[in-house]
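> Quick one: the structure is below, and I'll ask about it shortly.
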Amino acid sequence: MSLKKKYTTKSPIGVFDSGIGGLTVARSLFEFLPNENIIYFGDTARLPYGTKSKETVVSYSVEIAKFLLNKNVKMIIVACNTASSVALHRLRQITKIPVLGVIKPGCKAAIAGTNNYKIGVIGTMGTVQSFAYKTQIHKYDRNIDVYSKACSLFVQLAEDGWTDNKIAKLIAKEYLTELKDKKIDTLILGCTHYPILSETISEAIGKKVKLIDSGRETAKEVKRILERLNMLNEQKPAGKHKFFVTDFQKKFKEISERFLGQPIHDVKKIKLN
Ligand code: DGL
């Protein structure tokens, strides 16, 4: 992997998601890479991606990547699991800069974490139907059993802040009993929204099951990649964070703060061509 000369260490990292769920990934990026300038793009006008066709998600992802490339980013992080599942290959055709999705880092951490070789994956319908996690895990080790389950309602629960009430607990139990019966010892949270529900998920699947936050693992991987490429931004003071969305959904402020863990200041609504 090599970067073109025009990108400097101070160039921003571009991160995108179908909406504001990817702020859970941005939160980890801010934590592990405090000096980096980061541009976050949330396609709030067109979410959810999890129920859309592969073709649609790929074409939306290409449009967003082009927007980020115009901002001279030095790396693109696909925070959205659904887009990571289907669009990475296409995105790498339009740019030479590193493009990283959340699937591979999540899989690596899960493989390192499992002792009984039984891993569960939960995500949107799009992510589960793409078999991206399963395929990636089997590239590393074919002896691992991978059990997947689409948990669509978790997205709405996380957005509504219903993270640990009785409805959330009931839904989690209903979704996860199947995976619990398979005796998995590691569960990948394969969706931007699921870390918000991690307590409830852990209770439903069993406290002994390790939860892997793909977004958090991705942030660690970004740091390793930038170090390897000598592209870490060591500037002081802290990096600048800019946010772009395609729509201000209702309760934007409340939801975004819950996902990011801090208020968002520099946010603009834009239209993609
Ligand atoms: N960001 C999506 C993901 O991680 C979840 C929300 C959506 O379906 O757009 O797959």
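The values are calculated or read from the model by the stated rules, or taken from the named source; none is laboratory data. These numbers were taken from a predicted model, which means no experiment stands behind them. FYI the Cβ positions are ideal-geometry reconstructions off the backbone, even for glycines, and counts take in every protein chain you see. Just so you know, the surface numbers come from the protein's heavy atoms only, side chains and all, with ligands and any DNA or RNA stripped out. Shrake-Rupley method; radii C 1.70, N 1.55, O 1.52, S 1.80 Å.
> Taking 0.36 nm per residue of sequence separation and subtracting the Cα-Cα distance, how much length would be gained by fully extending the chain between K6 and K223, in nm to one decimal?
Length difference between fully extended and current span is 76.1 nm.
> Something else about it: Hey, what's the range 135-186 come to in accessible area per residue, 1.4 Å probe, Å²?
Heavy-atom accessible area per residue stands at 60 Å².
> Let me ask another. Hey, with R₀ at 35 Å, roughly what FRET efficiency would E63 and E199 work out to, going by the Cβ-Cβ distance, to 0.05?
That gives a FRET efficiency of 0.45.
> Working out 0.36 nm times the residue gap between R142 and Y117, then minus their Cα-Cα distance, what length gain in nm do you get to one decimal?
Contour length minus Cα-Cα distance gives 8.0 nm.
> While we're here: Taking only the C-alpha atoms, wrap a convex hull around the range 1-143 and report its volume per residue in Å³ as a whole number.
Dividing the Cα hull volume of the range 1-143 by its residues yields 115 Å³.
> At what distance in nm do the modelled label points of K183 and I167 sit from each other, each positioned 7 Å from its Cα along Cα→Cβ?
For the pair K183/I167, the computed spacing is 3.7 nm.
> Once phi is turned into ³J(HN,Hα) by the Karplus curve 6.51 cos²θ - 1.76 cosθ + 1.60 with θ = phi - 60°, what whole-Hz value does each residue of the range 238-254 show in order, with x for glycine and proline?
3J(HN,Hα) across the range 238-254, in whole Hz: 4, x, 8, 10, 10, 10, 10, 10, 9, 6, 9, 6, 4, 6, 3, 4, 4.
> For every helix of n ≥ 4 consecutive DSSP H residues, a contribution of -39,500 (n - 2.57) applies; sum these over the chain, divide by its total residues, and give [θ] at 222 nm rounded to the nearest 500 deg cm²/dmol.
-13500 deg cm²/dmol
> Mind giving me the nanometre distance, one decimal, between the label points for K208 and K54, set 7 Å out from Cα along Cα→Cβ?
Taking the two extended label points, one gets 3.8 nm.
> Right, next: Can you tell me which of 198-211, 41-54, 77-90 comes out highest on packing, and rank the rest after it, using the mean Cβ neighbours within 10 Å?
77-90, 41-54, 198-211
> Going down the list K96/K220; K242/K268; K149/K210; K52/K253; K118/K149, which pairs span over 19 Å between their C-alpha atoms?
Numbers: K96/K220 21 Å; K242/K268 8 Å; K149/K210 16 Å; K52/K253 26 Å; K118/K149 14 Å.
The pairs that break the limit, which is 19 Å between Cα atoms, are K96/K220; K52/K253.
> For the chain, modelled as a Gaussian network with Cα springs under 10 Å, which listed residue fluctuates most, N72, N143, N35?
N143
> How long is the gain from V267 to K250 if the chain were fully straight, where each residue apart is worth 0.36 nm and the alpha carbon distance is subtracted?
Values: separation 17, 0.36 × 17 = 6.12 nm, distance 1.49 nm.
Value of the extension gain: 4.6 nm.
> Quickly work out the L232-to-N70 label distance, labels modelled 7 Å from Cα along the C-beta direction, and quote it in nm with one decimal.
Distance between label points: 3.3 nm.
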